1. Quick one: in the stretch 348-375, which of the residues that are among the charged types (D, E, K, R) and in a strand (DSSP E or B) is farthest from Gly249 (Cα to Cα)?
2. If only one of Glu335, Glu317 is of a type in the set (Asp, Glu), closer than 21 Å to Gly194 by Cα and within 15 Å of the chain's Cα centre (by Cα), which one is it?
3. If you take just the strands (runs of 3 or more DSSP E) that sit entirely in the stretch 85-162, which of them hold at least 3 residues that are farther than 17 Å from Pro67 by Cα and assigned by TED's automatic domain parsing to the domain that holds Ile35?
4. For the stretch 217-227, check the following and say yes or no: at least one residue is under 20 Å from the mean Cα position of the chain (by Cα), surrounded by fewer than 17 Cβ atoms within 10 Å (Cβ to Cβ) and either more than 30 Å from Gly127 (Cα to Cα) or in the same structural domain as Leu305 (by TED's automatic domain parsing) (or both).
5. Would you mind finding the one in Ala129, Ala159 that is at pLDDT 95 or above, farther than 30 Å from Leu49 by Cα and of a type in the set (A, V, I, L, M)?
6. Of everything in the stretch 96-115 that's under 17 Å from Ser80 (Cβ atoms) and of a type in the set (Asp, Glu), which residue is nearest to the chain's Cα centre (by Cα)?
7. Restricting to the stretch 75-94, and then to whatever is polar (S, T, N, Q) and buried (at least 18 other Cβ atoms within 10 Å of the Cβ), can you tell me which residue is nearest to Val23 (Cα to Cα)?
8. Within the group Gly203, Gly256, which residue is assigned by TED's automatic domain parsing to the domain that holds Val352, among the small types (Gly, Ala, Ser) and in contact with a Phe, Trp or Tyr (Cβ under 8 Å, 6 or more places away or on another chain)?
Amino acid sequence: MFNKWRELPEELRAAASVAVEDVLKVEREERVLLITNPRREVSLISEALYDAFLERGARPVLIYQEPKSQMDFADREVISALSASPDVIISISQSKIGKDRDAILKPYVLDGKSYDHIFDYLRRGTGKARSFWSPGITVDMFCRTVPIDYPDLKRNCAALKALLDGSEEIHLTSSLGTDLTIGIRNRLAMVDDGDFSSGGKGGNLPAGEVFISPELNTARGKIVFDGCIATHSRVILIENPIEVQVEEGFVTRISGAWEADLLAETVTLGEKNAFELEKQGKLAQGSAERYARNSRNLGEFGIGLNRKATLIGNMLEDEKVFGTCHIAIGSNYDEDAPALIHLDGVIKKPTVTFIREDGTEAELMENGTHKGLLS
């Protein structure tokens, strides 16, 4: 065990035990793959998890690679380890696990759905693996936000999923000028409720959000991001609000100060890199145009539900903050809008209303305050 040669903090060991026992419910002899980077914060968390898996009687393997960005490929050794089809897959990374260079060129196809990463194929495709992934996690965040009331979180996630699944549109406003309508017909919400105990399940740790892929070509209006935003180089806390115009599901204009410039630069990189990868033979011929176009797609709407999360400039935690919502530009989770980027942005005090199939409305939040629909 790692803790025989390096004493790990007790609160870190305790949080790791919660992740292994309460979140994953790992059983004896299960095969576990841990993927991390040689950086202090993520390495310490991975070592604590490795010990917790051993204490549970599982069979963990820990593999290191250099940190990867939104634009980088995972090391081939990591993809090979994933190809062994472990029961549990954990990514504790400084940023991203990295793209799958083989699958992005020749995607896995199962039951009519396409997967451009073996990680997604094993979990959401075959349903054999369960997992959690924590890009940008820190020891402090892990210790604060992982030991939470999971039964309460699960109840709230289920209630919110039911509201989303029974609605046709979302209307989002804010005091800074957000006024956005998103169609969600024939879409089903996904939950990150911290119950990753069976094959096919997975999500972030810290857990705590419900999210949905917008119906293609339906989102319209204006978004004003005022919390934080993900870019190609880092997540930034927003000082000057970013205004984003949306028409027929796509971003048409980004305006504001330096934060807006950095977001626009990242979207442009997503567009340009699609054609560059196709030129290099790293993206299937004829697919670059679709990937580039979807760099401006509205790929996600989500609601934060973790009561211990705070806005700190780290998207992994920021998008889970209770009383906020987030919207992503780029790829979606229904696998019908592939892109090289997925850029989450947080809105701090939104008013969120769901329009049901029968035309009635249900207001979830007003200026960031929940209206009693959740426990």
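1. Per the criteria, the residue is Glu366.
2. Glu317
3. 108-110, 113-115, 130-133
4. No, there is no match, as no residue in the stretch 217-227 is under 20 Å from the mean Cα position of the chain (by Cα), surrounded by fewer than 17 Cβ atoms within 10 Å (Cβ to Cβ) and either more than 30 Å from Gly127 (Cα to Cα) or in the same structural domain as Leu305 (by TED's automatic domain parsing) (or both).
5. Exactly one residue qualifies, and that residue is Ala159.
6. Checked the stretch 96-115; the qualifying residue nearest to the chain's Cα centre (by Cα) is Asp100.
7. Ranking the candidates gives Ser91 first.
8. Among Gly203, Gly256, only Gly203 is assigned by TED's automatic domain parsing to the domain that holds Val352, among the small types (Gly, Ala, Ser) and in contact with a Phe, Trp or Tyr (Cβ under 8 Å, 6 or more places away or on another chain).
The values are calculated or read from the model by the stated rules, or taken from the named source; none is laboratory data. All figures in this text were calculated on a predicted structure; none of them were measured in a lab. Don't worry about glycine lacking a Cβ; one is built from the backbone with ideal geometry, like all the others, and counts go over all protein chains shown.
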